[in-house]
1. Can you name the strands (runs of 3 or more DSSP E) wholly within segment 33-112 that have at least 1 residues being of a type in the set (D, E) and either closer than 30 Å to A203 by Cα or not assigned by TED's automatic domain parsing to the domain that holds A133 (or both)?
2. In segment 119-138, what residues are at positive phi and touching a residue at least 12 places away in the same chain (Cβ under 8 Å)?
3. Restricting the first residue to segment 261-274 and requiring it to be farther than 17 Å from A165 by Cα, which pairs with a second residue that is among the charged types (D, E, K, R) meet a Cβ separation below 7 Å and a spacing of at least six or different chains?
4. If only one of E289, E233, E225 is of a type in the set (D, E) and over 22 Å from the mean Cα position of the chain (by Cα), which one is it?
5. Is it the case that some residue within segment 204-211 is within 15 Å of the ligand (Cβ to nearest atom) and either part of a loop (DSSP other than H, G, I, E, B) or closer than 19 Å to D268 by Cα (or both)?
6. Output the residues belonging to segment 114-160 that are near the ligand (Cβ under 10 Å from one of its atoms) and assigned to a helix (DSSP H, G or I).
7. Any residue that is in contact with an Asp or Glu (Cβ under 8 Å, 6 or more places away or on another chain) and touching a residue at least 60 places away in the same chain (Cβ under 8 Å) - is there at least one of those in segment 54-67?
8. Taking the condition at pLDDT 95 or above, among the polar types (S, T, N, Q) and surrounded by 20 or more Cβ atoms within 10 Å (Cβ to Cβ), does Q87 pass?
Amino acid sequence: MTEHRDQQLRQLISLLKDADFHSGQKLAEELSVSRAYIWKLMQQLEELGLEFESVTRKGYRLIKPLQLIDAENLSKSMAQRGLSDWQCEVLLLTDSTNEQLKGEGFRHKKLLAAEYQSAGRGRRGRQWVSPLASNLYWSTGWQTQMPVQQLGGLSLVVGLAIINALGNLGIKGVQLKWPNDIRYQGKKLGGILIELSGDVAGALQVIIGVGLNMQMGATAAKQIEQQWMNLNEIGPEISRQQLLTEATIELSRALELFELQGFEAFRDAWQEVDECYGQKVTILQQNQELKGIGAGVDATGALLLQTGKGIMPIYAGEVSLRFRH
Ligand code: BTN
């Protein structure tokens, strides 16, 4: 998609954001294009997952009001909270924010969010459903000298930072399913995808991708194969902008502490929100199934699994964990 078209779509969304009717004629005048062209742009927005109705003689109306994330405001609020050295960027459309932050795009303390991802990625090669302006999709760039072997607990630390951010905004009761799922009453609210690049012997470039379901419509959600829910079902109502700011502030604090003290500093906090603790679980690892009961995590963030043969540490990576009932 060209930058110009991107700009037009952004402008169109801004005009429609109140969810009142807007006539095709008025929209065409605002964008200095034809009504037929507005119709074409609306078709594109629909393909990207934006839900609206179109009524003869009234025009177009969004099903829900929406607010796009504002990068400038984001930078301002973060600076007010002491994070003036962060760079914030918000794209309207991208393939995957993790992908965009790789290589040339990488910068330490960079927050890159997008309103839509055409190829959002989940763990273990899964797709991450990312309809337009409904949820939060963002990646954080963090450069570290920590040895790669000590990064096992990182996705847990990120999860805890998100829980803190939600708690600060009044959303309580959210839990974490080892190693990277953010859940509420057994349903997935979001997930974390961490990717590493750089020199294993020197500085590592860490890309921390987070996706959080906030107000996803039913049409887009049809593609999701597991139990999921939106944050706006929990309450109190919070904006995507507020949550993104709060999450980045908490994440920045957590990453600084993690670098200084490792996962040990987070172990107690993990216990408070550990959904697997005392639960029967099955671990799937390279076609092998391991059954046991969740017994917390060790000082590196490895899952402790109580099995018939004693307690076994399970390291994150290409493993998947399922609950047994
Ligand atoms: C999972 O639970 O499987 C992890 C989901 C991670 C999704 C986020 S959305 C922003 C970032 N960009 C991606 O392509 N993936 C992550």
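The values are calculated or read from the model by the stated rules, or taken from the named source; none is laboratory data. Computed from a predicted structure; not experimentally measured. Positions of Cβ are generated from backbone atoms using ideal geometry, with glycine treated the same way; all protein chains shown enter the neighbour counts.
1. In segment 33-112, the matching strands (runs of 3 or more DSSP E) lie at 52-55, 87-94.
2. R124, A133, listed by residue number.
3. Short answer, once both residue conditions are applied: none.
4. Just one listed residue meets the conditions, E289.
5. For segment 204-211, residues within 15 Å of the ligand (Cβ to nearest atom) and either part of a loop (DSSP other than H, G, I, E, B) or closer than 19 Å to D268 by Cα (or both): absent.
6. R123, R124, G125, S155 - these are the residues of segment 114-160 that are near the ligand (Cβ under 10 Å from one of its atoms) and assigned to a helix (DSSP H, G or I).
7. yes
8. Spelling it out, it is not the case that Q87 is at pLDDT 95 or above, among the polar types (S, T, N, Q) and surrounded by 20 or more Cβ atoms within 10 Å (Cβ to Cβ).
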